[in-house]
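A.B. asks: This is the structure I want to talk about, given as structure tokens.
The values are calculated or read from the model by the stated rules, or taken from the named source; none is laboratory data. Values in this document were obtained by computation on a predicted structure and should not be read as measured data. Virtual Cβ from ideal backbone geometry, glycine too; neighbours counted across all protein chains shown. For accessibility, only protein heavy atoms count, side chains too; no ligands or nucleic acids. Shrake-Rupley method; radii C 1.70, N 1.55, O 1.52, S 1.80 Å.
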Number of protein chains: 2
Amino acid sequence: MSVSALTAGNSPSHPKRIVIAGMDGCQACSVCEVRAHGICSALNDEELSQLAQAAVRVTIPPGRQFIEEGSFADEFFNITSGTVKLFKSLPDGRRQITGFVSIGHFLGLAVSDRYAFGAEAIDQVRLCRFSRERLETVIDEFPRLERRLRNEAANELVAAQDQMLLLGGKTARERVASFLYGQITDLYGDDIPQNAKLHFPMTRADIADFLGLTVETVSRTISGLRREGLIATGAGHEITVPSPSRLQIIASGEE
Amino acid sequence: MSVSALTAGNSPSHPKRIVIAGMDGCQACSVCEVRAHGICSALNDEELSQLAQAAVRVTIPPGRQFIEEGSFADEFFNITSGTVKLFKSLPDGRRQITGFVSIGHFLGLAVSDRYAFGAEAIDQVRLCRFSRERLETVIDEFPRLERRLRNEAANELVAAQDQMLLLGGKTARERVASFLYGQITDLYGDDIPQNAKLHFPMTRADIADFLGLTVETVSRTISGLRREGLIATGAGHEITVPSPSRLQIIASGEE
DNA sequence: TGACAGGCTTGATTTAGGTCATTGTTAAAA
DNA sequence: TTTTAACAATGACCTAAATCAAGCCTGTCA
């Protein structure tokens, strides 16, 4: 299947269409627009062509759950665009979003043969899909890839520990400030400007499930921060933060 | 330094004494009582002797913090006995215990050159210490070790996600039941008996900081479970669980 | 054009768990 | 043996956030 055929599914006018297609050997990966991100950045051209053999590009429409918690984990994913929410649920429906992940993120690190979490596209998501079996073969050949995966896991672990600190002890105000500040660092890296502009895709309900709060509390808290002049809200999901450092201080519980 | 010299520090009559000693080449690791656990199990005799060159055995007295959050991460650890609490803190002293770890656990997976968490011995702890530099060298030579570390990280990540679900949504009762059930599975594995007996080393304050509750709530909740006949408390930190499956149902929020 | 639905905000009220205070228990030090 | 201190349990009270209940946008479908 050709590369051009792949792009059809990306058209905004066909949001429901899912394209599943093989890649053109080494071509597809080596010209990949996100090659610098994610696990692929650990490989050179030759190695990448091997990886490409195992990869399939997929487009997922907004709202579609593409990993079911507890289902058989026969596939791994690497996100190339869009935002995905990862979550765990209790039998009665309570849901904890354990993370929002986007470009470059690798999904499916678990040792078990079952996924430990569910995954759902928030906006339109594109990703590379690998069969578990074939990826494991490629990993065996390239220790650098293995190292990369370990680092990925270690970084996620650090994020998870931060989130435990948030969920275990922070106030609603601190949680919302932490979330917003996290969005800023995700977007700007270490070079955070004054008047940082954010436009994230997740709803209040998503934020609530991520922060261990209710929608009402998230809404009230955001309104509170706005009244204090700490943030300004725009249309859609746009928020401007005049002084990110001020927000960080609140996020870390220092006031 | 001889192996026999090492044992001096383990005497209960000298709890404050810390022993830092080199290992006898391949001897020390190959006869290690916990070789089947932890990262060492990924290596054969020859590889292990290489690892041993980089290892130092250490004994830590109860209550001693041996990793400071944010300090320079120049050492890795592998626990050979005892229980360690890992935690993160907010500037005002609020503390979240992110995990209790014991025999076989590898400490220091972070990518950063700073520790992302603090670590403190709960009871007397023995561990193998590696310089970061030397361990990285050994890892480079043995891909199997790299794989082992990735799996270790992946498993921790799953545990962290479970804990996020707990902290984000569970009631006090469900949290305490989850903790107790977790202690049971840690101790018995998959083969859980009726009338499981537990005696864990952590205080109510530790449990509270782990579960995102206060000591009072932990105490009240344990008393509540006892009144209901779901657990029986003994002297010290002993608890008997007549029906672990009953506890599991509560832990997972199904009643 | 209206009406329906999904998402957001805000207000009134409730409650689970936190805070503060007291007492009991155990064990090590003196 | 008393003294001290750390840990644990329990009661009385308080509060942050949940719950319950409207109302308000905005986009889309008929």
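A.B. asks: Residues in the stretch B:241-255 that are over 30 Å from residue B:121 (Cβ atoms), buried (at least 20 other Cβ atoms within 10 Å of the Cβ) and either β-branched (Val, Ile, Thr) or within 25 Å of the chain's Cα centre (by Cα) (or both): how many?
C.D. replies: Qualifying residue count, the stretch B:241-255: 1.
A.B. asks: Of the residues that make up the stretch A:217-240, is at least one within 16 Å of DNA strand C (Cβ to nearest atom), over 18 Å from residue A:205 (Cβ atoms), open to solvent by less than 40 Å² (accessible area, probe 1.4 Å) and in contact (Cβ under 8 Å) with a residue 60 or more places away in the chain?
C.D. replies: No, every residue in the stretch A:217-240 fails to be within 16 Å of DNA strand C (Cβ to nearest atom), over 18 Å from residue A:205 (Cβ atoms), open to solvent by less than 40 Å² (accessible area, probe 1.4 Å) and in contact (Cβ under 8 Å) with a residue 60 or more places away in the chain.
A.B. asks: With the requirement that a residue be within 10 Å of DNA strand C (Cβ to nearest atom), under 14 Å from residue A:173 (Cβ atoms) and not in a helix (DSSP H, G or I), what does the stretch A:193-216 give you?
C.D. replies: Within the stretch A:193-216, no residue meets the criteria.
A.B. asks: Confirm whether residue B:125 is in contact with a Leu (Cβ under 8 Å, 6 or more places away or on another chain) and away from every other protein chain (no Cβ under 12 Å). Spell out the reasoning first.
C.D. replies: Numbers: in contact with a Leu (Cβ under 8 Å, 6 or more places away or on another chain): no; away from every other protein chain (no Cβ under 12 Å): yes.
When the stated conditions are applied, residue B:125 does not pass them.
A.B. asks: Something else about it: Tell me, which strands (runs of 3 or more DSSP E) wholly within the stretch A:46-113 include 2 or more residues that are within 29 Å of residue A:178 (Cβ to Cβ)?
C.D. replies: A:65-67, A:75-81, A:84-89, A:95-101
A.B. asks: While we're looking at this one, here's another question. Filter the stretch B:157-175 down to residues that are touching a residue at least 40 places away in the same chain (Cβ under 8 Å) and away from DNA strand D (no atom under 16 Å from the Cβ) and give me whichever is farthest from residue A:98 (Cα to Cα).
C.D. replies: Out of the qualifying residues, it is B:159.
A.B. asks: Could you tell me whether any residue of the stretch A:194-216 is modelled with pLDDT of 95 or more, among the aliphatic types (A, V, I, L, M), open to solvent by 40 Å² or more (accessible area, probe 1.4 Å) and more than 20 Å from the chain's Cα centre (by Cα)?
C.D. replies: Yes, there is a match, as at least one residue in the stretch A:194-216 is modelled with pLDDT of 95 or more, among the aliphatic types (A, V, I, L, M), open to solvent by 40 Å² or more (accessible area, probe 1.4 Å) and more than 20 Å from the chain's Cα centre (by Cα).
A.B. asks: Say we look at the stretch B:80-120 and pick out the residues that are of a type in the set (A, V, I, L, M, F, W, C) and at pLDDT below 95; which of these is farthest from the chain's Cα centre (by Cα)?
C.D. replies: Applying the filter and picking the extreme gives B:111.
Here's the yes/no breakdown for (1) in contact with an Asp or Glu (Cβ under 8 Å, 6 or more places away or on another chain); (2) more than 10 Å from chain B (Cβ to nearest Cβ):
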| site | (1), (2) |
| --- | --- |
| A:101 | no, yes |
| A:116 | yes, no |
| A:160 | no, no |
| A:169 | no, no |
| A:176 | no, yes |
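A.B. asks: Of the residues that sit in the stretch A:217-250 and are assigned to a loop (DSSP other than H, G, I, E, B) and within 17 Å of residue A:178 (Cβ to Cβ), which one is farthest from DNA strand D (Cβ to nearest atom)?
C.D. replies: Taking the stretch A:217-250 as the starting set, the residues that turn out to be assigned to a loop (DSSP other than H, G, I, E, B) are A:228-231, A:234-237, A:242-243.
Next, only the ones that are within 17 Å of residue A:178 (Cβ to Cβ) stay: A:228, A:230-231, A:243.
Values: A:228: 15, A:230: 16, A:231: 17, A:243: 22 Å.
Among residues in the stretch A:217-250 that are assigned to a loop (DSSP other than H, G, I, E, B) and within 17 Å of residue A:178 (Cβ to Cβ), the one farthest from DNA strand D (Cβ to nearest atom) is A:243.
A.B. asks: Does at least one position in the stretch A:190-200 carry a residue that is within 14 Å of another protein chain (Cβ to nearest Cβ) and either closer than 30 Å to residue B:211 by Cβ or within 12 Å of DNA strand D (Cβ to nearest atom) (or both)?
C.D. replies: no
A.B. asks: Being without any contact (Cβ under 8 Å) to a residue 40 or more places away in the chain and over 19 Å from residue B:44 (Cα atoms) is the filter here; which residues of the stretch B:109-138 pass it?
C.D. replies: B:110, B:111, B:112
A.B. asks: Limited to the stretch A:139-153, what total is found for residues that are facing chain B (nearest Cβ under 7 Å), of a type in the set (D, E, K, R) and touching a residue at least 60 places away in the same chain (Cβ under 8 Å)?
C.D. replies: Adding up the residues that qualify gives 1.
A.B. asks: What residue, among those in the stretch A:68-79 that are more than 13 Å from chain B (Cβ to nearest Cβ) and within 30 Å of residue A:31 (Cα to Cα), is farthest from the chain's Cα centre (by Cα)?
C.D. replies: First, the residues of the stretch A:68-79 that are more than 13 Å from chain B (Cβ to nearest Cβ): A:68, A:71-72, A:74-75, A:77-79.
Next cut, within 30 Å of residue A:31 (Cα to Cα) only: A:74-75, A:77-79.
Values: A:74: 20, A:75: 17, A:77: 11, A:78: 10, A:79: 8 Å.
Filtering the stretch A:68-79 for residues that are more than 13 Å from chain B (Cβ to nearest Cβ) and within 30 Å of residue A:31 (Cα to Cα), the one farthest from the chain's Cα centre (by Cα) comes out as A:74.
A.B. asks: Next up: Looking only at the stretch A:84-114, count every residue that is out of contact with any Leu (no Cβ under 9 Å at 6 or more places or on another chain) and surrounded by fewer than 21 Cβ atoms within 10 Å (Cβ to Cβ) and tell me the total.
C.D. replies: Total satisfying the criteria: 10.
A.B. asks: Looking at (1) more than 12 Å from DNA strand D (Cβ to nearest atom); (2) over 25 Å from residue B:81 (Cβ atoms); (3) open to solvent by 30 Å² or more (accessible area, probe 1.4 Å), can you tell me which one residue B:178 breaks?
C.D. replies: Against the list (1) more than 12 Å from DNA strand D (Cβ to nearest atom); (2) over 25 Å from residue B:81 (Cβ atoms); (3) open to solvent by 30 Å² or more (accessible area, probe 1.4 Å), residue B:178 comes up short only on (3).
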